[in-house]
Amino acid sequence: MPTIDRRKLWICAFADPAGGPRAGRSNYGLSRAAIVVIGQDDLERVFILEAFIQRIPPDKLIDRILDTQQKWNPAVFGIDASGPQLEFAQMVQKVAREQAVKIPLRFVAQRQEKTFSIETTIQPLASSGRLFRPHENDCRALKDETTSFPDGMYRDGLDALANAIKLLPAILPAYLRQMNREQLRRYLDRTGMPKDQIAERLSQVE
C-alpha cells in the first residue's frame, strides 16, 4: 500500500454485528462480526486502514467499536440497523453515551443483498486501481474473503467494506472541479466508475 498521511484522509468506518435477514449462508450460524475502517484522499483513492473480522460476543464487539472510534476518530461510523440489528445499534449508542465516548453513529438499514452490494461497490473501485489494502498479515480474513468471493462461505468483511465505501463523500476534490465536463467525463470513465455515478459527479460541475 502506498505511503499515506493519515491527516490528509477523510476517514469513516462501518460495523456489521453479524447475521441478519440478508446474510444468506451466514444465517446458518456461519456469520462473523466485522468492523472496517477506510480513508479517502484527494485523488479519490480509498485505503483500507483496518479490517476486524471474527466471531465475538456482543459486549466485546461494543468495546471494539468504541476502541475503533477512539483510535481512528472517523467522520462517520456506520452500523447495520436492519431488522434485529437495530437493537444492537441502539445498545452501542447507549453504551457510548454512558461512557462519554463521542461517536458519530449513522444507522444504516440495508436493502441490498450482500453479493450484489459487493459486486457493484467494491469491484469497480478495485478494478480502477483506486482501492488499497494493508499488508495481508494485517487483513488476512478480508483477503481470504476476497479470494474466495463469490463462492466462499464468508463475506461479512466485504459487506462491511462495501458499506463503508458508500459512506464516503460524493463531493469532487478541487482539482477535479477545475476540469470541464468532457475532461471530467473521460477521466471518470477511465477510472471504471459506473455511468450513474459519473452522471452524479458531472452534475457537480458548472
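The values are calculated or read from the model by the stated rules, or taken from the named source; none is laboratory data. Quantities reported herein were computed from a predicted structural model and do not represent experimental measurements. Quick reminder, even Gly has a Cβ in these numbers, built from the backbone with ideal geometry, and neighbours come from all protein chains shown.
Check region 100-108 and report whether any residue there is assigned by TED's automatic domain parsing to the domain that holds A33, at pLDDT 80 or above and of a type in the set (F, W, Y).
Yes, region 100-108 has at least one match.
Matching residues to (1) in contact with a strand residue (DSSP E or B) (Cβ under 8 Å, 6 or more places away or on another chain); (2) exposed (fewer than 14 other Cβ atoms within 10 Å of the Cβ); (3) not basic (K, R):
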{"position": "Q54", "(1), (2), (3)": "yes, no, yes"}
{"position": "I62", "(1), (2), (3)": "no, no, yes"}
{"position": "L86", "(1), (2), (3)": "yes, no, yes"}
{"position": "K94", "(1), (2), (3)": "no, yes, no"}
{"position": "P104", "(1), (2), (3)": "yes, yes, yes"}
{"position": "H135", "(1), (2), (3)": "no, yes, yes"}
{"position": "C139", "(1), (2), (3)": "yes, no, yes"}
{"position": "L142", "(1), (2), (3)": "yes, no, yes"}
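The rows are residues; the columns are (1) under 15 Å from N163 (Cβ atoms); (2) part of a loop (DSSP other than H, G, I, E, B); (3) out of contact with any Asp or Glu (no Cβ under 7 Å at 6 or more places or on another chain).
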position: D63; (1), (2), (3): no, no, yes
position: D67; (1), (2), (3): no, no, yes
position: R106; (1), (2), (3): yes, no, yes
position: R111; (1), (2), (3): yes, yes, yes
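Report every pair of residues separated by at least 6 positions or lying on different chains whose Cβ atoms are under 8 Å apart, first residue within region 118-137 and assigned by TED's automatic domain parsing to the domain that holds I198 and in contact (Cβ under 8 Å) with a residue 12 or more places away in the chain, second surrounded by fewer than 18 Cβ atoms within 10 Å (Cβ to Cβ) and aliphatic (A, V, I, L, M).
Close Cβ pairs satisfying both conditions: none exist.
Here are some conditions: (1) touching a residue at least 60 places away in the same chain (Cβ under 8 Å); (2) surrounded by 15 or more Cβ atoms within 10 Å (Cβ to Cβ); (3) part of a loop (DSSP other than H, G, I, E, B). G78 meets all but one. Which one does it not meet?
Status for G78: all satisfied but (3).
Within the bounds of region 29-47, is there any residue that is surrounded by fewer than 16 Cβ atoms within 10 Å (Cβ to Cβ) and under 20 Å from E145 (Cα atoms)?
yes
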